[in-house]
Amino acid sequence: MAFSNTDIRYGGVTKTFHWLTALLILTLIPLGLYANDLPYQTDAELTRKAWFFSLHKTLGVTMFFVAVLRIAWALSQPKPGLLNGDKKLESFLAETVHWLLYASLVIVPLAGWIAHAAAAGFAPIWWPLGQNLPLVPKSTGVEHVFSAIHQVGTKVLAASLLLHIAGALKHHFVDRDATLRRMLPGEPVIGPLPPEHKSKAPVIAAVAIWAVALLLGGTFGSMGQEKQTQQVDLAEVSSDWTVQEGNINITVTQFGNEVTGSFANWTSAISFDENAPGPDVGTVTTTIAINSLELGSVTQQALGADFFDADTYETATYDGIIKRAVDGYEAVGTLTIKDQSQPLTLPFNLSLNGGEAEMRADLTLNRQDYGIGATVAEEATLAFDVLVNIALKATRSVD
């Protein structure tokens, strides 16, 4: 069997790429569905889910490179003619499906890879080249859009594959020609090929279908982002100091990898007088909308019932008294997450410039103290310590 194609036959390299691609697709689609449906409430379940997702992602990246090599090889080779090239409709459908498949083999794994690179989360790709991609930022919005494109694209890929298989079976059992056999080992007898009707219509049709798929994926991804960022409406607070900007960031460690996120919606009522005579110089009450958390690809897991349980406990609160400390200030109070309240002393750095203040604090919390991830008891799976970084700028209210 020759390695290269001819005008009527596929060579050994093309056949190898064809069946390797088929094997990867038929592995990846059920593997992704299986991994997605796995539970993740316990250590063992979470570890298993992450393992299968890592396998899916690693094979997906493999398929991307196989597809690029396959397309490059195809461009360097003559394309064997259709055995039913004289049938306009069948030729159009066959060519359209082929173009859809070629595009799917690149777009679907690439979209999944971009979504992975944009997210911070578990299930790494098993290779030594890192988890990021050039020009792809760590962005929940980018992750959601390309994740949706990946999902919609998978449906285009699956539909194209089914049509491709159906066409091959029709050729073999109905038309009884050598279309399927010439992609198998060996060299079946192939008679003179009929004249083909060359047309750009299949390419145009495939581009149009993929344009719609990309538009739908982008739209669904944006809608999903908007839906997820719908937050609890926190009541406005009356405060001596008004927060102008700020961040409450958290960093968790899952399977040895740090995942950083933040709460987008929170309020602070701050009373503070640096000239107060006693050790107590003010008070602070901070309320956080739990479902405003963005934590990369593990956001939904973090908001689930065994973790923050955002459906039951919409907010977390911290009430504290601000005191002078040896090296600045500290807030001494109580942090309540879910139904667990724990005393918490929060040292912080404060920079005052007239009626403006900048505050920064770094602390470590133990998630077990607040009943978060109680079923995940192994630190190797999910570390107990959670790093919290707080930074804000506030201005003094003018009476």
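The values are calculated or read from the model by the stated rules, or taken from the named source; none is laboratory data. Just so you know, these numbers come straight off a predicted model, no measurement behind them. For neighbour counting, all protein chains shown are included, and Cβ atoms are generated from backbone atoms with ideal geometry for every residue, glycine included.
Worth a mention:
- Residue 328 touching a residue at least 24 places away in the same chain (Cβ under 8 Å), in contact with a Leu (Cβ under 7 Å, 6 or more places away or on another chain) and under 22 Å from residue 396 (Cβ atoms): no
- Selection of strands (runs of 3 or more DSSP E) fully inside the range 302-399 by the criterion of at least 3 residues being within 27 Å of residue 120 (Cα to Cα) returns 315-325, 328-337, 356-366, 385-396.
- Every residue from the range 295-335 that is of a type in the set (D, E, K, R) and touching a Pro at 6+ places or on another chain (Cβ under 7 Å): 323, 324, 330
- Selection count where residues are surrounded by fewer than 18 Cβ atoms within 10 Å (Cβ to Cβ) and within 16 Å of residue 159 (Cα to Cα), scope the range 26-36: 5
- Residue check for residue 22: in contact with a Phe, Trp or Tyr (Cβ under 6 Å, 6 or more places away or on another chain) and modelled with pLDDT of 95 or more: no
- Considering the range 277-291, the residues that are more than 21 Å from the chain's Cα centre (by Cα) and closer than 30 Å to residue 257 by Cβ include one that is surrounded by the most Cβ atoms within 10 Å (Cβ to Cβ), namely 286.
Condition check ((1) modelled with pLDDT of 95 or more; (2) surrounded by fewer than 22 Cβ atoms within 10 Å (Cβ to Cβ); (3) not acidic (Asp, Glu)) across all residues:
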| residue | (1), (2), (3) |
| --- | --- |
| 90 | no, yes, no |
| 96 | yes, yes, yes |
| 110 | yes, yes, yes |
| 113 | yes, yes, yes |
| 120 | no, no, yes |
| 124 | no, yes, yes |
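- Failed item in (1) surrounded by 14 or more Cβ atoms within 10 Å (Cβ to Cβ); (2) free of Cβ contacts under 8 Å to residues at least 40 places away in the same chain; (3) more than 27 Å from the chain's Cα centre (by Cα); (4) not in a helix (DSSP H, G or I), with residue 131 passing the rest: (3)
- Scan of the range 57-71 for residues that are free of Cβ contacts under 8 Å to residues at least 40 places away in the same chain and either within 16 Å of residue 123 (Cα to Cα) or not hydrophobic (A, V, I, L, M, F, W, C) (or both), ordered by number: 59, 62
- Subset of the range 356-373 [surrounded by 13 or more Cβ atoms within 10 Å (Cβ to Cβ) and under 19 Å from residue 309 (Cα atoms)]: 365, 367, 368, 369, 370, 371, 372, 373
- Unique residue being of a type outside the set (S, T, N, Q), surrounded by fewer than 17 Cβ atoms within 10 Å (Cβ to Cβ) and in contact (Cβ under 8 Å) with a residue 60 or more places away in the chain when the list is 274, 294: 274
- Some residue of the range 199-222 being in a helix (DSSP H, G or I), out of contact with any Pro (no Cβ under 7 Å at 6 or more places or on another chain) and charged (D, E, K, R): no
- Residues (surrounded by 12 or more Cβ atoms within 10 Å (Cβ to Cβ) and more than 38 Å from the chain's Cα centre (by Cα)) located in the range 185-216: 187, 188, 190, 193, 194, 196, 197, 199
- Within the range 254-271, if we keep just the residues that are at pLDDT below 95 and of a type in the set (Val, Ile, Thr), the residue that is surrounded by the most Cβ atoms within 10 Å (Cβ to Cβ) turns out to be 259.
- With respect to being crowded, with 16+ Cβ neighbours inside 10 Å and over 23 Å from residue 398 (Cα atoms), residue 247 falls outside the description.
This table checks each residue for (1) hydrophobic (A, V, I, L, M, F, W, C); (2) under 22 Å from the mean Cα position of the chain (by Cα).
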position	(1), (2)
19	yes, no
31	yes, yes
49	no, yes
88	no, no
101	yes, no
